[in-house]
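The values are calculated or read from the model by the stated rules, or taken from the named source; none is laboratory data. As the structure is a prediction and not an experimental result, all values here were calculated from the model. Note that each Cβ is placed from the backbone with ideal geometry, even for glycine, and that neighbours are counted across all protein chains shown. What goes into the accessible areas is simple: the full protein's heavy atoms, side chains included, and nothing from ligands, DNA or RNA. Shrake-Rupley method; radii C 1.70, N 1.55, O 1.52, S 1.80 Å.
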Amino acid sequence: MTQTLPTHSESFNVTRVRVVLAIGGFMILAFMFADLSLIPQGLKDTYIVSRLGLQLPVVIVFFALSYWRHFKPIYQPALCFVLLWLSFVNYGFTVICWQQVGFVFPYEGVLMYAFFGFFAMRLSFRFAIYFVTINTVAFYFIVQLYPIYGERSWVNLGFVFGAQLVGLVGLYDLKRKISSLNEANSRLKSLSEIDQLTGIYNRRYYENKSKDLFSWCKRAGDTLAVFMVDIDHFKDFNDGYGHQKGDETIALQAKILQQIFKRDWDLVARYGGEEFVIVAPQLTSDQAQHQAERIIAAWQKKAVEHTHGNGTGLVSCSIGIFCGVPSQTQNIEAFVDHADQALYQAKADGRARFCITTNP
Ligand SMILES: Nc1nc2c(ncn2[C@@H]2O[C@H](COP(=O)(O)OP(=O)(O)OP(=O)(O)O)[C@@H](O)[C@H]2O)c(=O)[nH]1
């Protein structure tokens, strides 16, 4: 399998990171023009080396790293390192300016790196604390070792620390608001995608996701199995044991299906009422039959009494399956229609069984 199947979880927004990083790289280049008009002639080459030889390559390497599949776990420490690297290159250049021609290079650039890292690159609060601590200590040593800023040294140190502290407070506040927004968002998402009675995906989620899975199988030329599962004589069960027991039985059916369809890309959803749908990519007809047998057997093992109506005395379900490699003209609805017809057949044949049809 060369492609990854679409699963039911979200991913790190790496595109945003790349765009912001590219903007940061261009900002370094843009500032070069402004800085070069201020810097004394003899320092221009050193300045260009500090920007094009030391700062920009690190930004480019970080950008290239974003194409690595393990980029997400290393993003925060790597970002912290890049920001410190940019600041330290600035400090190094500041010292060279002072030592060589007594020129006072402005320190404010490092505040820009900090704020860019905090708010544009979304440095985590923990790494922002590391960054501020190391950055402030470095600046402290510079003003202690070199009288670059003269009697303004302490004021400037206070300014560097104070401004970063304000940034940290803002970052903390932002993180708190974002996390409460995310919580509210995931609650809303869950309400809109999850069936409250069973805790599995609802019809709305199924409608969207099944199309993705279907397109994936069509592109990859892989098999897809659609199962329609319906509890037998459920109206009689409800009438005989009450709606509450009926709800419990629907929830139990969902649990059985979840225990049997465990792969990340298997989609198990409540289709409506006591009917369930499963969209299972990469399942052969033999494997699909095996899964159906397991569902039927799971109900037999549970042995939930159902003596009302014309059933076997126990709760059971019927299953219709349609399985095959999607043809170019088929859509997911066609698979569901075939699975529905197979379900109809399983009911007509006496229930508590499955019926399977396959793509020619
Ligand atoms: N307890 C409960 N019952 C539900 C729910 N949704 C639908 N039902 C009931 O499920 C029953 C479905 O019955 P039918 O579609 O007639 O089918 P059946 O009695 O299961 O018969 P067969 O499918 O032919 O075996 C209806 O009585 C619905 O009221 C629900 O959320 N909870």
Tabulated pairs, segment 258-287, first in the same structural domain as residue 236 (by the TED database), second open to solvent by 60 Å² or more (accessible area, probe 1.4 Å) and polar (S, T, N, Q), C-beta under 7 angstrom, 6+ apart or interchain: 268/258; 285/358
Sole residue being under 18 Å from residue 112 (Cβ atoms) and either open to solvent by 90 Å² or more (accessible area, probe 1.4 Å) or not assigned by the TED database to the domain that holds residue 102 (or both), chosen from 62, 31: 31
Tally of residues being open to solvent by less than 50 Å² (accessible area, probe 1.4 Å), of a type in the set (A, V, I, L, M) and in contact with a strand residue (DSSP E or B) (Cβ under 9 Å, 6 or more places away or on another chain) across segment 179-223: 4
Residues (of a type in the set (A, V, I, L, M, F, W, C) and within 16 Å of the ligand (Cβ to nearest atom)) located in segment 202-241: 227, 228, 229, 231, 234, 237
Filtered residues of segment 129-152 (kept if β-branched (Val, Ile, Thr) and assigned to a helix (DSSP H, G or I)): 129, 132, 133, 134, 136, 137, 142, 143
Condition check for residue 255: open to solvent by 60 Å² or more (accessible area, probe 1.4 Å) and either away from the ligand (no atom under 12 Å from the Cβ) or assigned to a helix (DSSP H, G or I) (or both): yes
Scan of segment 290-340 for residues that are in a helix (DSSP H, G or I) and in contact with a Phe, Trp or Tyr (Cβ under 6 Å, 6 or more places away or on another chain), ordered by number: 292, 332, 335, 338, 339
Flag if residue 261 is of a type outside the set (A, V, I, L, M), more than 16 Å from the ligand (Cβ to nearest atom) and open to solvent by less than 40 Å² (accessible area, probe 1.4 Å): yes
Segment 34-56, residues that are closer than 17 Å to residue 107 by Cα and surrounded by fewer than 12 Cβ atoms within 10 Å (Cβ to Cβ): 34, 37, 38
